[in-house]
1. Return the residues of the stretch 286-312 that are among the polar types (S, T, N, Q) and surrounded by fewer than 16 Cβ atoms within 10 Å (Cβ to Cβ); say none if nothing qualifies.
2. Pick out the one residue from R585, R499, R536, R551 that is out of contact with any strand residue (DSSP E or B) (no Cβ under 7 Å at 6 or more places or on another chain) and either closer than 30 Å to R234 by Cβ or not aromatic (F, W, Y) (or both).
3. Among strands (runs of 3 or more DSSP E) lying entirely in the stretch 594-684, which contain 3 or more residues that are of a type outside the set (A, V, I, L, M, F, W, C) and modelled with pLDDT of 90 or more?
4. Scan the stretch 802-849 residue by residue and report those that are assigned to a loop (DSSP other than H, G, I, E, B) and under 26 Å from M504 (Cβ atoms).
5. Quickly run through the stretch 116-135 and pick out the residues that are part of a loop (DSSP other than H, G, I, E, B) and over 20 Å from K312 (Cβ atoms).
6. All but one of (1) assigned to a helix (DSSP H, G or I); (2) touching a residue at least 24 places away in the same chain (Cβ under 8 Å); (3) farther than 30 Å from L489 by Cβ hold for T297; state the number of the condition that does not hold.
7. Being crowded, with 24+ Cβ neighbours inside 10 Å and farther than 27 Å from R687 by Cα narrows it down to one residue among A487, A482, A525; which is it?
8. State the number of residues belonging to the stretch 120-162 that are without any contact (Cβ under 8 Å) to a residue 40 or more places away in the chain and closer than 15 Å to P253 by Cα.
Amino acid sequence: MLPVAERDEVLADLEAEHLERSRRDGPRAADAWLWRQVLSSVPRLIRRSWWRGWSGFEPRANRLQPGGPSMESWILDLRFAARRLRTRPVYALISVLTLALGVGGTSAVYSIIRRPIWEPLPYERSDEIAMFWNDGDWSEAEFTMLRPDMPAFRSVAAYRPEDVIVEHGDSPARLVPAIASSAELFEVLGTRPALGRGFRAGDDLTGAEPVAVLSDGLWRELGGDPAMVGGRLRLDGVERTVIGVMPRGFWFPDPSIRVWISVQLNPESRSGRYTLVGALPPGQPIEAMGPALGRITAALAEQFSYPEQWDKTRNAALEPIREALVGSLRPALLATLAVMVLILIIAAANVTALMLGQVDGRATELAVRSAIGADRGRLVRQVVVEALVLGVLAGAVGALLATIGFRAIVGAIPLGAWAEEASVDWMLLAVAIAVAIVAALAIALIAAVSVWRGDLRGALVRARTAGIGGRGGRLESGLVIAQVAIAMLIATGAALLSRSVGNMYALDPGVDTRGVAVVDVAFGATMPAADRARVRDEFVRELGELPGVSRAAVTQKLPLRGSGNNWGIAVEGRPDLPSSTTAFRIVSADYFATLGIALRSGRVFDASDRAGSELVVVVNQALADKYFPGDDPIGRRISTGFATPERIIGVVENVAEAALTDAPEPARYMLAEQLPYVPEGHSFVLRTDRAGDAAAVLDAAQRVVRGTTGVAVQEATTMGRVLDRAIGPVRQIVTLFVILTVVALVLGAVGVYGVISHFVWRRKRDWGIRIALGLAPMRVMRAVVGRGAGLMAAGIAAGVLGAIALAQLGAAFLYGVGAADPISLLAASVALLAVGLMAAAIPAWRAGRTDPLSILRDS
């Protein structure tokens with residue numbers, strides 16, 4: 001904090017005084033006096049250093065002794081940088097905003113995805129927890145058979161999704177996501193409740209007391225009273241004892257789950273809807289579990305027989321729990337973060353090019369200062385300080401931009417159930433500042449090297465000759481080429497994804513999604529089947545009578561929502577057919593007309609089909625092709641397991657019952673009122689009079705449902721949105737990529753404009769002389785635009801090579817288009833070249849209007 005000359009004098013005085021006090025009062029008293037002097041001097045020295053630095057006072061000792069008062073000189077350099085930026089507001093504003101865009105986006109995306117991708121899972125020894133194969137297809141019979149002797153596992157639990165209706169006090173009933181599990185779940189996860197206890201042995205046996213464990217969030221929403229543990233809570237019409245509350249931050253299998261309930265396992269049930277999760281022995285890697293899995297599959301083969309497509313005795317494998325729970329999110333999230341980092345690199349390259357232009361413009365000033373005694377280290381430090389000031393400002397502005405646009409960014413990233421958990425926290429500001437400073441240091445390094453290696457003597461010569469020797473700009477040009485290449489990568493990715501999404505939307509899902517509203521409804525588990533059927537039929541009638549609704553129907557599973565609800569099938573007269581399953585749908589009479597599913601042959605359900613009449617079934621073309629190849633299936637009989645076989649009355653078009661891109665899957669449809677089985681969940685579909693009115697009828701439809709006790713709305717949406725979800729995360733990514741491509745194009749245009757402007761400024765004397773000698777202004781403009789086009793062409797070529805080299809990394813997101821698609825590459829190239837030429841045209845127009853007289857007069 002002191003100049004070298006003052007420092008030596010002060011230290012000599014302190015040493016002499018310390019020696020005298022040590023002789024007089026003893027060493028300890030002398031040391032205590034010394035520390036009192038030091039501590040009492042620090043505040044005064046800080047104030048002194050700040051005043052001397054910010055006021056511009058710099059003692060001679062500092063200039064003669066470069067190792068002198070670093071704080072004062074740093075403060076002085078900070079003041080100098082602030083004054084320079086204040087006198088160049090356009091440069092400062094463009095630099096800060098450009099860098100802030102990259103900083104804000106990168107920081108926001110990192111803050112959003114760090115929890116699902118990188119934060120530790122809220123389970124003890126999560127690296128020793130694994131998920132079993134055939135996710136969601138294990139039955140209670142299989143689990144209870146394997147449970148007593150699960151070789152080589154510390155513990156194994158079974159669980160399934162089970163949304164429940166929560167009724168508490170005077171609050172209206174609501175549906176919350178839940179998990180129904182066996183008693184071992186929390187033992188496997190190794191997480192203890194914050195209040196109460198978790199499940200224990202016996203909680204999942206027939207006749208056991210129904211119990212529940214609440215999430216911290218649901219517990220707080222219900223009042224947050226510790227006395228709730230041990231009390232009763234009505235879930236799905238069942239009074240359950242609340243035995244525990246999980247810690248804040250705990251989640252399983254995703255953050256949307258609010259409650260875990262014990263399930264009473266039925267050893268006779270062969271309905272496959274469970275997932276198995278197991279805890280491995282300490283230190284046992286998943287790769288070493290092969291023998292144990294072999295014993296499990298052998299036991300399964302001995303006790304059960306499987307259709308070929310659901311055979312659990314083949315392809316047995318374990319998956320680490322993190323990979324199973326969030327692995328599907330990782331590619332899309334990391335791709336998004338990578339693109340944001342590329343945007344940040346483009347922004348940093350832009351600011352670097354702008355700063356290099358500033359350094360080049362100050363070449364004469366720096367040369368003069370060096371000639372009168374300034375060392376290059378001090379000149380470099382001033383450039384570094386200026387870059388750091390820009391970085392800190394960009395970090396603050398970037399954090400503000402990220403905070404303002406946080407929810408929009410969350411909506412643009414395919415987070416799934418994690419979207420509701422994403423929130424702004426202090427980490428966002430910290431990451432933004434850190435990213436900005438790192439970027440600023442990279443910028444400062446390049447600019448500092450330019451100053452350190454610059455030809456200061458040559459700068460004075462060029463100043464005397466009015467810049468006629470000025471050329472250079474190779475580093476700036478290289479930066480522009482690099483950022484154009486990166487922009488090309490992003491633009492190519494956006495073009496590929498856009499074509500892929502377009503190909504997916506061009507697929508025929510077999511249903512007409514226009515003008516169809518969807519209301520998903522959950523019935524209480526304790527509601528008798530007869531009451532459920534009555535309420536279901538009333539809803540169909542009342543929803544069909546709503547204003548603007550032309551038809552209404554119901555199904556237990558809607559198309560485009562993934563696989564599930566597959567039932568066994570037997571064909572009368574075909575005992576040779578192997579055991580198999582098909583998609584099984586329970587629908588109302590108007591289901592096909594409401595969803596616009598075309599009839600191929602026969603008929604669909606009509607008034608003659610009713611409760612008590614002959615069981616009838618409608619099949620799709622894929623089922624007819626598989627089970628009746630070359631025959632007419634109309635009138636043939638198949639068996640699902642009800643009292644009597646069903647007679648086929650019609651064949652309809654194939655519908656995307658599972659995923660949009662899947663091959664046609666055999667499916668059959670039975671009339672709801674003919675069946676004794678009434679599921680707990682239903683999807684009601686409403687066809688509106690006009691295609692654009694689907695969303696408008698949702699509020700009225702929900703009011704119809706919410707007026708009934710024991711029933712809750714799970715979701716209200718449209719078939720258009722269902723189709724959007726079926727497209728998958730690529731649909732959200734393509735929207736984000738298009739936005740980021742626009743940002744990259746704008747930043748690339750700024751970079752080209754800055755470099756070409758600087759190129760024109762450096763050669764303005766040349767242009768003036770040539771125009772004075774008769775060169776046509778149009779030729780000057782063509783030369784300037786040609787330089788811009790050359791930079792763009794070099795960047796585009798590098799980007800094309802990079803896109804081809806990295807093609808396979810994005811292949812998983814594409815459908816119906818190659819990773820090196822020439823149309824996408826051409827579209828991205830044309831867009832970039834057009835933007836670059838427009839950016840170069842502005843300084844070219846200015847160069848063409850150069851006044852030779854003013855240039856020669858200034859010389």
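The values are calculated or read from the model by the stated rules, or taken from the named source; none is laboratory data. All of these numbers come straight from a predicted model, not from anything done at the bench. Note that each Cβ is placed from the backbone with ideal geometry, even for glycine, and that neighbours are counted across all protein chains shown. We work out accessible area using only protein heavy atoms, side chains counted, and drop any ligands, DNA or RNA first. Shrake-Rupley method; radii C 1.70, N 1.55, O 1.52, S 1.80 Å.
1. Within the stretch 286-312, Q303, S305, Q309 qualify.
2. It is R499.
3. Per the criteria, 599-602, 646-652.
4. Selection gives L806, L814, Y815, G816, V817, G818, A819, A820, D821.
5. W118, E119, P120, L121, P122, Y123, E124, R125, listed by residue number.
6. Only one criterion is unmet by T297, namely (2).
7. That would be A487, the only listed residue that is crowded, with 24+ Cβ neighbours inside 10 Å and farther than 27 Å from R687 by Cα.
8. Of the residues in that region, 2 qualify.
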